[in-house]
Amino acid sequence: MSLLDAENVTRFYGEFEPCGDCVDLTGPTHGRNQCPDCGTVVGCADVDLDVERGEVLGIVGESGSGKSSLAEMLALDLAATAGNVEFASYDGNLLDANYEERVDLRNTNVGMVHQHVRDGLNLEFTGGGNVAESLLAAGWRNFDEIRARVRDLFEETEVPVDRMDDPTDTYSGGMQRRVQIAKAIANDPELVILDEPTTGLDVSVQARVLDMFRRIQREQDVATIVVSHDLGVVRLLADRTVVMRHGRVIESGLTDRVMEDPQREYTQTLINSVI
Amino acid sequence: MTDQTQMHETSPTTEATDNEQQESATTPTGVSDLLSESGAGMAGYNYAYLDEHTKREVRRGVLKAISLPGHQVPFASREMPLARGWGTGGIQASLSLLGPADTFKVIDQGSDESVNAANIRRLAKTTADVETTTDTTEASVIQTRHRIPEEVLTDEQILVLQVPTTDALRRVDGSDDANRRRHAHKNYSKMWVALYENVVKWDEIQISARYPAMVNGRYLMDPSPIPRWDTTKLNDADSLFLFAAGREARIYAVPPHTDVEPLAFEDRSFQVERFDESCHRCGSTDTYLTEVTGDDGVTRYACNDASFCEKRAEHPDLSKDHHLDEDDVAWGPETPDPILSDETGGEDA
Ligand SMILES: Nc1ncnc2c1ncn2[C@@H]1O[C@H](COP(=O)(O)OP(=O)(O)OP(=O)(O)O)[C@@H](O)[C@H]1O
Ligand SMILES: [Mg+2]
Ligand SMILES: [Zn+2]
């Protein structure tokens, strides 16, 4: 069985009662993600994907194509409108997990690196405190052990250890990204979800963050979903890739195949636009 | 109103910052005004000052609080003839509980003699027709600000603590909405991060008063600004503790024999205040001491619990459980208290 098997994952946004035809009236064929009848925004709909243990799955697509919506639902951070997700460490539909199960799963099974740093870190806390929070939430109560583990995670993610007791808002964007990664892997999760791990970073910093994560991913063999609008990121990390547009998956396959022999014109355009 | 700063004894370890006191020091109304206006009797006022409906509401809140130990229960806090922050929550709780058969004691930071304590006592005596006392062992209801008495409380006694800040989580997040959600889901990791950072900074947990404690393994509680010295008295006690906040309109409770565990790390345990001195009045070395500056300008240590200090001055060997049939009752530091005397505990550390 796959580590994670998702079917029909769907998320609507909007103040209005969905009219019932929102999914049919949106998507790539219509060139929009907002239902013309009722105004509902279809963040994503009918998304199927699976992730094997140790595998890296890439999700690419232009801005607004629904990547973060999907990632946050899988990371138990966002309620789903519909869908069924089987996850190895959970009995039943992951999307139906209650609050306490979500907290548990997020602490121990699924680590998330958020697109927006404020969603992932408390900037007034120290960097070390942010990472410690994962351990504390998982029940660690020995201060010296927590300290040692935080220090290891800082080394692992290449954040200067002598900065670990400084407030996180004094860190550079790259360091904050690394601290988020340290926090996400603190409890050895089975799945890590990275949402735009390089957005907003200098190109040289981007490369180092990606190299660092690639090393950790290989050493720990942790299954990963990496979301990016940057094909380069996905090409570097992902074994398989799904391409999203207007809230739908329009193409999926081995990353090399998708990049070299895109079946869809849109994917072709995406690739051409970066080369 | 009399200047409250006179009665403030400064403790070396307690952050005795009482903003609410300072704010209200300018408020002209007070219990003493009320008492002088109305003379000796309280003609025109209901028994125990509050109307029956209000008292029923408060009692309902108290019952709910008892059934959910440590959970903050809202109640319709009434205007009282004294500014909020002077213990209006405590008074409402006390007056709702008192009946003519009760004996009432009021302590203000260990002292029965402060103007505020005397006024509250007088209000209860006048309107509820209760006996009053300064002897902890004689009282059935004790209202207190920032201390738990040194003498062991029994299952016949209720301690009503005045609360300025109800939520322990406000130390880490000013949003009450977010904190209510945290309580609902027992999500205290943010508080734990604050403790972690505290130890990073000081190598031990540096919280003087208002030390956060888990009640019954479920709710994180602010035990009001009592010193750490008193915090372990809440654990597995015979008495009922009620915490009442007038300004925030919340009541919470620690019923008898409830587990109350101060938050701490396995290797950075909960520590109580330690005093190298003994009380200059009674010689005690097993009580919570505060610095007092005499007329001669000399600063000395004295028991903060004035009424017990008086007894000790006469009977130096008087134990804290002298009035009980049992001996060696656990009641905070210097007694066989399980929280403080386990192998990781702070007693000898
Ligand atoms: N909270 C929200 N309320 C309303 N609409 C939303 C909300 N969040 C997302 N959307 C909309 O849902 C669609 C998908 O958004 P999502 O953030 O998932 O896209 P994305 O692919 O991650 O985009 P980006 O690359 O810009 O991060 C967008 O049209 C977006 O405007
Ligand atoms: Mg996004
Ligand atoms: Zn004394």
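The values are calculated or read from the model by the stated rules, or taken from the named source; none is laboratory data. This is a predicted model, so every value here is computed, not measured. No Cβ is skipped: glycine too gets one built from the backbone with ideal geometry, and neighbour counts run over all protein chains shown. Quick note on the areas: whole protein, heavy atoms, side chains included, nothing else; ligands and nucleic acids left out. Shrake-Rupley method; radii C 1.70, N 1.55, O 1.52, S 1.80 Å.
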Only one residue in B:TYR252, B:TYR301 is modelled with pLDDT of 95 or more, within 15 Å of ligand 3 (Cβ to nearest atom) and among the aromatic types (Phe, Trp, Tyr), so which one is that? B:TYR301
Within the range B:253-278, residues part of a strand (DSSP E or B) and touching a Ser or Thr at 6+ places or on another chain (Cβ under 7 Å) come out as B:PRO262
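If you check A:GLY139 against the conditions, is it part of a loop (DSSP other than H, G, I, E, B), more than 17 Å from the chain's Cα centre (by Cα) and not β-branched (Val, Ile, Thr)? Reasoning before the result, please.
Working: part of a loop (DSSP other than H, G, I, E, B): yes; more than 17 Å from the chain's Cα centre (by Cα): yes; not β-branched (Val, Ile, Thr): yes.
It is true that A:GLY139 is part of a loop (DSSP other than H, G, I, E, B), more than 17 Å from the chain's Cα centre (by Cα) and not β-branched (Val, Ile, Thr).
For the structure I just gave you, tell me whether A:GLU62 is out of contact with any Gly (no Cβ under 9 Å at 6 or more places or on another chain) and within 16 Å of A:VAL249 (Cα to Cα).
Values: out of contact with any Gly (no Cβ under 9 Å at 6 or more places or on another chain): yes; within 16 Å of A:VAL249 (Cα to Cα): yes.
Taking the combined requirement at face value, the residue satisfies it.
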For B:ALA313, only one of the following conditions fails: (1) over 17 Å from B:GLU273 (Cβ atoms); (2) part of a loop (DSSP other than H, G, I, E, B). What is its number? (2)
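Any residue at all in the range B:255-273 that's of a type in the set (Gly, Ala, Ser) and within 14 Å of chain A (Cβ to nearest Cβ)?
yes
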Say whether the condition of being surrounded by fewer than 19 Cβ atoms within 10 Å (Cβ to Cβ) and within 14 Å of chain A (Cβ to nearest Cβ) is met by at least one residue in the range B:218-238. yes
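Going by the conditions given, is B:ASP296 more than 16 Å from ligand 2 (Cβ to nearest atom), more than 14 Å from every other protein chain (Cβ to nearest Cβ) and more than 22 Å from the chain's Cα centre (by Cα)?
Values: more than 16 Å from ligand 2 (Cβ to nearest atom): yes; more than 14 Å from every other protein chain (Cβ to nearest Cβ): yes; more than 22 Å from the chain's Cα centre (by Cα): yes.
It is true that B:ASP296 is more than 16 Å from ligand 2 (Cβ to nearest atom), more than 14 Å from every other protein chain (Cβ to nearest Cβ) and more than 22 Å from the chain's Cα centre (by Cα).
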Residues satisfying the stated conditions in the range A:152-166, i.e. in contact with a Phe, Trp or Tyr (Cβ under 7 Å, 6 or more places away or on another chain), within 11 Å of chain B (Cβ to nearest Cβ) and either open to solvent by 50 Å² or more (accessible area, probe 1.4 Å) or within 19 Å of A:ARG215 (Cβ to Cβ) (or both): none
All positions within the range A:116-144 that are touching a helix residue (DSSP H, G or I) at 6+ places or on another chain (Cβ under 9 Å) and facing chain B (nearest Cβ under 8 Å): A:ASN122, A:PHE125, A:THR126, A:GLY128, A:GLY129, A:ASN130, A:ALA132, A:GLU133, A:LEU136, A:ALA137, A:ARG141, A:PHE143
Restricting attention to the range A:219-275, which residues are of a type in the set (S, T, N, Q), under 19 Å from the mean Cα position of the chain (by Cα) and crowded, with 18+ Cβ neighbours inside 10 Å? A:THR224, A:SER228, A:THR241, A:SER252, A:THR255
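Sort through A:LEU94, A:LEU76, A:LEU49, A:LEU70 and tell me the only one that's touching a Phe, Trp or Tyr at 6+ places or on another chain (Cβ under 6 Å) and crowded, with 20+ Cβ neighbours inside 10 Å. Steps first, please.
On the way: A:LEU76 fails: touching a Phe, Trp or Tyr at 6+ places or on another chain (Cβ under 6 Å); A:LEU49 fails: touching a Phe, Trp or Tyr at 6+ places or on another chain (Cβ under 6 Å); A:LEU70 fails: touching a Phe, Trp or Tyr at 6+ places or on another chain (Cβ under 6 Å).
The match here is A:LEU94.
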Report yes if some residue within the range B:129-137 is over 23 Å from B:HIS257 (Cβ atoms), crowded, with 23+ Cβ neighbours inside 10 Å and either in contact with a helix residue (DSSP H, G or I) (Cβ under 7 Å, 6 or more places away or on another chain) or at pLDDT 95 or above (or both); otherwise report no. yes
Give the residue that is nearest to the other protein chains (Cβ to nearest Cβ), with candidates limited to residues of the range B:312-334 that are within 14 Å of ligand 3 (Cβ to nearest atom), free of Cβ contacts under 8 Å to residues at least 12 places away in the same chain and of a type in the set (D, E, K, R). B:ASP317
Considering A:ARG149, A:ARG106, which residue is within 14 Å of chain B (Cβ to nearest Cβ), open to solvent by 60 Å² or more (accessible area, probe 1.4 Å), in contact (Cβ under 8 Å) with a residue 24 or more places away in the chain and not in a loop (DSSP other than H, G, I, E, B)? A:ARG106
Leading residue by the ranking (farthest from ligand 1 (Cβ to nearest atom)) among those in the range B:261-299 that are open to solvent by 20 Å² or more (accessible area, probe 1.4 Å) and more than 27 Å from B:GLU310 (Cα to Cα): B:GLN271
For the subset of the range B:263-288 comprising residues that are within 16 Å of ligand 3 (Cβ to nearest atom) and touching a helix residue (DSSP H, G or I) at 6+ places or on another chain (Cβ under 9 Å), which member is nearest to B:ASP203 (Cα to Cα)? B:GLU273
Hey, can you tell me all the residues within the range B:104-141 that are farther than 18 Å from B:ALA306 by Cα, part of a helix (DSSP H, G or I) and either among the hydrophobic types (A, V, I, L, M, F, W, C) or under 15 Å from the mean Cα position of the chain (by Cα) (or both)? B:LEU123, B:ALA124, B:ALA128
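Looking for something away from chain B (no Cβ under 14 Å), touching a strand residue (DSSP E or B) at 6+ places or on another chain (Cβ under 8 Å) and assigned to a helix (DSSP H, G or I) - is there at least one such residue anywhere in the range A:184-194? Don't jump to the end; show me each part of the working.
If we filter the range A:184-194 for residues that are away from chain B (no Cβ under 14 Å), which is where we start, we get A:184-185, A:188-194.
From what's left, touching a strand residue (DSSP E or B) at 6+ places or on another chain (Cβ under 8 Å): A:184-185, A:189-194.
Then drop every residue that is not assigned to a helix (DSSP H, G or I), which leaves A:184-185.
There is at least one residue in the range A:184-194 that is away from chain B (no Cβ under 14 Å), touching a strand residue (DSSP E or B) at 6+ places or on another chain (Cβ under 8 Å) and assigned to a helix (DSSP H, G or I).
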Checked against (1) modelled with pLDDT under 95; (2) under 18 Å from B:PHE265 (Cα atoms); (3) part of a helix (DSSP H, G or I), B:ARG181 satisfies every condition except (2)
